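Chemist: Have a look at this one before I ask anything.
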Amino acid sequence: MTKTKQNKSVYGSNPKQDEKELHILAILVNNEPGVLARVIGLFSARGYNIESLTVAETNVEKHLSRITIVSCGTPDVIEQIKAQLGRLVPVLKISDLTTECPYIERELALVKVACTGDKRIESLQIANIFRARVVDSTHKSFIFEITGGMQKVSAFIDLMNPLGLSGVSRTGIAAISRGPQPIGEPCTEE
């Protein structure tokens, strides 16, 4: 969980109000036209930022999709987001993976690096350390595929920047709770 402090008043404020955290919200919705627009509209209308967004159908027979949103806010703001999402008709279940259960998160990124000479060798060495795969290569560039947590992907991109980073495409976070329980159900220890 990433925390940041921001003071908005010269008089100081309640630390709980200032502490912003990244939260991963898993939202189970009916797979129907306009659902994503309604969920995104809620964030937009209230000025909440979305750090990452992934959406996919997860149950074809029941016409269900899962939306995974990474957002940043104070604990009060995150609770407000969850409450407002719960009032949307197509939303069936909401789970704050960050606070409810242990979870697994992964992200995929394609990272293009244009380099020659020593920088080319160094980029391959860094890719090896991060277990990134070369998925395309020319005499003057590489495209690496890297999978891992958001921090790992960001660290890899930061290291490639001085070597000739020329493009990045990230999928956004995919996350799921550990254990047998489905989305929105209480976490059980195993």
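Chemist: Please give the charge dipole size of the chain, origin at the Cα centre, charges +1 on K and R Cβ atoms and -1 on D and E Cβ atoms. Round to the nearest 20 debye. Don't jump to the answer; show the numbers that get you there.
Modeler: On the way: 22 positive and 21 negative charges, 96 e Å.
Here the chain has a charge dipole of around 460 debye.
Chemist: Starting with the fewest neighbours, write out ILE69, ILE121, ILE78 ranked by other beta-carbon atoms found within 10 Å of each beta-carbon.
Modeler: Fewest-to-most ranking of ILE69, ILE121, ILE78: ILE121, ILE78, ILE69.
Chemist: Using a 10 Å cut-off around each Cβ, can you sort THR116, THR98 from fewest to most neighbouring Cβ atoms? Numbers along the way, then the final one.
Modeler: Details: THR116 11, THR98 17.
Ranked by crowding around the Cβ, least crowded first: THR116, THR98.
Chemist: From the list (1) 16.8; (2) 18.7; (3) 20.5, can you say which value of Kirkwood radius over Cα pairs in Å was derived from the structure given?
Modeler: Among (1) 16.8; (2) 18.7; (3) 20.5, the one derived from this structure is (2).
Chemist: Kindly express, to the nearest 10 degrees and within the range 0 to 90, the angle between helix 150-164's C-alpha long axis and the longest C-alpha principal axis of the chain.
Modeler: Taking the Cα atoms of the chain, the angle to 150-164 is about 30 degrees.
Chemist: Same structure again: For the cross-link pairs LYS20/LYS93; LYS112/LYS140; LYS62/LYS93; LYS93/LYS152, which exceed 21 Å when the distance is taken from alpha carbon to alpha carbon?
Modeler: Table pairs above 21 Å Cα-Cα are LYS20/LYS93; LYS93/LYS152.
Chemist: Then there's this: I need the phi-derived Karplus couplings for the range 89-105: 6.51 cos²θ - 1.76 cosθ + 1.60, θ = phi - 60°, integer Hz, Gly and Pro marked x.
Modeler: Karplus-based 3J(HN,Hα) across the range 89-105 equals 4, x, 7, 9, 8, 10, 9, 8, 4, 4, 10, 8, 8, x, 9, 10, 10 Hz.
Chemist: For the pair ILE50 and SER137, what calculated FRET efficiency results from E = 1/(1 + (r/R0)^6), where r is the Cβ-Cβ distance and R0 = 41 Å, to the nearest 0.05? Could the numbers behind the result be given before it?
Modeler: Working: r = 34 Å, r/R0 = 0.82.
According to the calculation, E is roughly 0.75.
Chemist: Something else now. Net charge near THR147: determine it from the other residues with C-beta under 15 Å of the C-beta of THR147, scoring Lys and Arg +1 and Asp and Glu -1. Before the final figure, lay out the partial values.
Modeler: Numbers: positive: ARG106, ARG131, ARG133, LYS152, ARG170; negative: GLU105, GLU107, GLU145.
So the surrounding residues net to +2.
Chemist: With labels modelled as points extended 7 Å from the Cα through the Cβ direction, what inter-label distance (nm, one decimal) is found for SER154 paired with VAL60?
Modeler: The modelled label-to-label distance comes out at 3.7 nm.
Chemist: Related question: Quick one: net charge around ARG131, please, counting Lys, Arg +1 and Asp, Glu -1 for every other residue with C-beta under 11 Å from its C-beta.
Modeler: +1
Chemist: I've got another one for you. Calculated FRET efficiency, LEU42 and GLU100, Cβ-Cβ r, R0 22 Å, to nearest 0.05?
Modeler: Working from the Cβ atoms, E equals 0.60.
Chemist: So how do 166-173, 54-61 stack up, highest first, on mean other-Cβ count within 10 Å?
Modeler: Going by the mean number of other Cβ atoms within 10 Å, highest first, we get 166-173, 54-61.
Chemist: Would you mind checking the tilt of helix 117-130 against the longest principal axis of the Cα atoms of the chain, expressed as 0 to 90 degrees and rounded to 10?
Modeler: So the inclination is approximately 40 degrees.
Chemist: Given 0.36 nm per residue, what is the gain on full extension from LEU110 to GLU79 after removing their alpha carbon distance, in nm?
Modeler: That pair, LEU110 and GLU79, stretches by 7.8 nm at full extension.
Chemist: Tell me, which cysteines of the chain are without a disulfide-compatible partner by the Cβ under 4.7 Å rule?
Modeler: CYS72, CYS115
Chemist: Still on this structure, I have one more. For ARG87, ARG120, what's the fewest-to-most ordering of other Cβ within 10 Å of each Cβ?
Modeler: If I rank by nearby Cβ atoms, fewest first, I get ARG87, ARG120.
A short reminder: the numbers here are calculations on the coordinates, not readings from a lab. In this text the structure is predicted, and so the values were computed from the model without any measurement. As a convention, Cβ positions derive from the backbone with ideal geometry for all residues, glycine included, and neighbour counts pool all protein chains shown.
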